[in-house]
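The values are calculated or read from the model by the stated rules, or taken from the named source; none is laboratory data. Just so it is clear, the structure is predicted and the values come from calculations on it, not from any experiment. Reconstructed Cβ throughout: ideal geometry from the backbone, glycine too, with neighbour counts over all protein chains shown. Remember, those area values only see protein heavy atoms, side chains included, never the ligands or the DNA or RNA. Shrake-Rupley method; radii C 1.70, N 1.55, O 1.52, S 1.80 Å.
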4 protein chains.
Amino acid sequence: MRADAAANAHAITAAAKVLLATHGADIPLSAVAEQAGVGIATLYRHFGTREELFLAVARSLRDQALATIERHRARWDEDPEKAWTTLVHDLASIRPGALIPGLLDIAADEALRDDLTRIRGDILNAFDDVLEKAKAAGLVQEDLSPARFQLGLATLTRPLPDPLCRTCRWTGSATG
Amino acid sequence: MRADAAANAHAITAAAKVLLATHGADIPLSAVAEQAGVGIATLYRHFGTREELFLAVARSLRDQALATIERHRARWDEDPEKAWTTLVHDLASIRPGALIPGLLDIAADEALRDDLTRIRGDILNAFDDVLEKAKAAGLVQEDLSPARFQLGLATLTRPLPDPLCRTCRWTGSATG
Amino acid sequence: MRADAAANAHAITAAAKVLLATHGADIPLSAVAEQAGVGIATLYRHFGTREELFLAVARSLRDQALATIERHRARWDEDPEKAWTTLVHDLASIRPGALIPGLLDIAADEALRDDLTRIRGDILNAFDDVLEKAKAAGLVQEDLSPARFQLGLATLTRPLPDPLCRTCRWTGSATG
Amino acid sequence: MRADAAANAHAITAAAKVLLATHGADIPLSAVAEQAGVGIATLYRHFGTREELFLAVARSLRDQALATIERHRARWDEDPEKAWTTLVHDLASIRPGALIPGLLDIAADEALRDDLTRIRGDILNAFDDVLEKAKAAGLVQEDLSPARFQLGLATLTRPLPDPLCRTCRWTGSATG
DNA sequence: GATGAATGAGCCTTCATTCAT
DNA sequence: GATGAATGAAGGCTCATTCAT
């Protein structure tokens, strides 16, 4: 039964990640539960509050980001520019921006703020390393802080609230 | 009483602009009405639907943008770089990103899509002119399309949903 | 100006009659005003309350009914059966049923009940006459009271709330 | 809790039947919920939309009607006239007219029209049988179609919108 | 542990009615 | 006299959260 529970918890965060990335942070939690294939009560049993769920998603995204950085560590010496470019691309494809509005709610919660700060610290530390290398290779401005870099990633990957990315083409030339 | 009504309509769009810019597009319309100092029914009398209100805001932002561009036209010959920089800054301070999610809803509405397209066309035309000059002065890449430029402005000025920009400082060095 | 006002009042009751007959008594008074080509405030100036408007409609319908009866009086001696049949048909085409729900609201109002009773009395009196003749001619049951006759007319002419008399054919053979 | 839920669903349709029969189809659903002793959200959980609730009521009325016809089947051979009279009386006491305005809304809904048609078909079939017998016994006109018979029942049992059946006695002699 | 059911609170929208011009 | 504007109250519906099985 423990395994079942863990599997459910995982399915729930996975579902939340998918729905957050596509529809933004305003999704009904019942939609997350449905997407995860569990009942709404199960979701609440595992995460207690909406904020805790989002926090779990944040942890998961952090782990993805750290793993991504780790994965690129080797390539760095071969071809710094290539390494940096693909790293940024891969980090962006995690779509950290999707979580921002949700995380603001967490930051508003006295009790959860510290958890969030810790998660963010992990990320900033990892960014620090990698930015050093990038700066050494002359690939980014000297004064780009980890926080600033993170903000940029988040800003650029915030999802539109969904409905019709099809109908409404805001982009002109895709490469412009 | 015609004057009163016009004043109210103006107060409502002004309130909507403020609240959209700070809290994003998910605000209750009752909050807009309250901020404007009118009853909710007055808001609906003037705008009929949430979409029409947002469309009015979009028109207002367009007018601001066009006026901003106009205002910078003179400076252009003196100091192109300065002109371009301040123009971009001023356009960004209109915070076009605040409206995006709201406008998506409009674009979803068969009946309002054309209005939206027209508004956007006005802006793109104005951007076209100004981008030509900027390209001529070597200030932007040759292949930056008006649509792409607009997308960039909007992406970068999307507001956080609010609660506590105080508590949670995502930015590191402000200039980084 | 007096003539204008009277014309407006008349236009309003006429509009109310039309809308009541087709959509039932739940119509917005603003729709009545619009149909009459006047502002909503004009409607209220003339009728004060929704109930008074309906009362005016009731008076108008009463007048139509009385006039109808009068009109048939002559024919009675020639051909009683024909007279009775066409009379009933003509009375039904006034659609008294359309007003019933509205009149119930009036009857609920202490102050207006008497007006309503008086109007109804006029009708019942007229029915009394005519029913006597019909009974004498053996065209209706002896025990049909004026009130009962009126109730029957009203019941049978109550309008459906409108939307789709087209889509939904409740009637089978029209003559069955 | 499955049993509880079913009991609630039943209580809700029962409440709806009562309120529809007495106040007509314009009742607030919150009143239905209250009468059923449940919260408004419970009503919506069970029925989703106002139309679905009314459809459930329609099904219930159909079942009552079919059961009523079945119940009278035996008596038919003994005393056809008595059987027919009491049958009609019992069918009328189901007050099918109460639902008409509500059903019109359903008929307007593309998705629900078929359900409604099916329910109605069940009733018409049952009427067909019984009308045959009545015609054989010379109790009704040969050309009375089931649809026409149903229409008559519905027309005659449409409830008044309520307020004060006490104050306002539209009926004269009850038997006239 | 998992689940569906229940619920109140909240936002959207409409309408009867009043007011100022 | 006539008008459009303003407004609160009410009903429709959804969602986060809790409870009982």
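A few points about this structure:
- One residue stands out among those in the range C:98-120 that are over 13 Å from the mean Cα position of the chain (by Cα) and in contact (Cβ under 8 Å) with a residue 24 or more places away in the chain: the one that is nearest to residue C:145 (Cα to Cα), which is C:115.
- Residue that is charged (D, E, K, R) and touching a residue at least 40 places away in the same chain (Cβ under 8 Å), where the choices are B:45, B:95, B:75: B:95
- Odd one out for residue B:101 among (1) surrounded by 15 or more Cβ atoms within 10 Å (Cβ to Cβ); (2) modelled with pLDDT of 90 or more: (2)
- Verdict on residue A:93 being away from every other protein chain (no Cβ under 14 Å) and of a type in the set (S, T, N, Q): yes
- Checking D:4, D:26 one by one, the residue that is under 19 Å from residue D:95 (Cβ atoms) and acidic (Asp, Glu) is D:26 and no other.
- Matching residues in the range B:9-24 - criterion: being among the hydroxyl-bearing types (Ser, Thr, Tyr) and either within 13 Å of DNA strand E (Cβ to nearest atom) or within 16 Å of residue B:45 (Cα to Cα) (or both): B:13
- Within the range B:80-92, residues that are open to solvent by 80 Å² or more (accessible area, probe 1.4 Å) reach partners that are part of a helix (DSSP H, G or I) with beta carbons closer than 9 Å, at six or more positions or on different chains, in the pairs B:82/B:75.
- Matching entry among D:169, D:120, D:113, D:95 (being modelled with pLDDT under 85 and open to solvent by 30 Å² or more (accessible area, probe 1.4 Å)): D:169
- Scanning the range D:54-77 turns up at least one residue that is in a helix (DSSP H, G or I) and within 16 Å of DNA strand E (Cβ to nearest atom).
- Residue under evaluation residue D:69, criteria (1) among the hydrophobic types (A, V, I, L, M, F, W, C); (2) away from DNA strand F (no atom under 14 Å from the Cβ); (3) surrounded by fewer than 17 Cβ atoms within 10 Å (Cβ to Cβ), criterion not met: (3)
- Selected residue (criterion: farthest from the other protein chains (Cβ to nearest Cβ)) from residues of the range B:26-40 that are open to solvent by less than 30 Å² (accessible area, probe 1.4 Å) and more than 10 Å from DNA strand E (Cβ to nearest atom): B:36
- In the range D:21-33, the residues that are in contact (Cβ under 8 Å) with a residue 12 or more places away in the chain, among the hydrophobic types (A, V, I, L, M, F, W, C) and not in a helix (DSSP H, G or I): D:25
- Total residues in the range B:121-138, condition away from chain A (no Cβ under 14 Å) and touching a residue at least 60 places away in the same chain (Cβ under 8 Å): 4
- Just one of (1) free of Cβ contacts under 8 Å to residues at least 12 places away in the same chain; (2) open to solvent by 70 Å² or more (accessible area, probe 1.4 Å) fails for residue A:18. It is (1).
- Any chance residue C:43 is within 12 Å of DNA strand E (Cβ to nearest atom) and part of a helix (DSSP H, G or I): yes
- Check on residue B:106, among the aliphatic types (A, V, I, L, M), over 17 Å from residue B:153 (Cα atoms) and surrounded by 20 or more Cβ atoms within 10 Å (Cβ to Cβ): yes
- Qualifying residues in the range C:41-61 (those that are over 15 Å from residue C:112 (Cβ atoms) and open to solvent by 20 Å² or more (accessible area, probe 1.4 Å)) - the one farthest from DNA strand F (Cβ to nearest atom): C:61
- For the range B:137-155, the count of residues that are closer than 17 Å to residue B:18 by Cα and open to solvent by less than 40 Å² (accessible area, probe 1.4 Å) is nonzero.
- Residue check for residue B:141: within 9 Å of another protein chain (Cβ to nearest Cβ), modelled with pLDDT of 90 or more and not in a helix (DSSP H, G or I): yes
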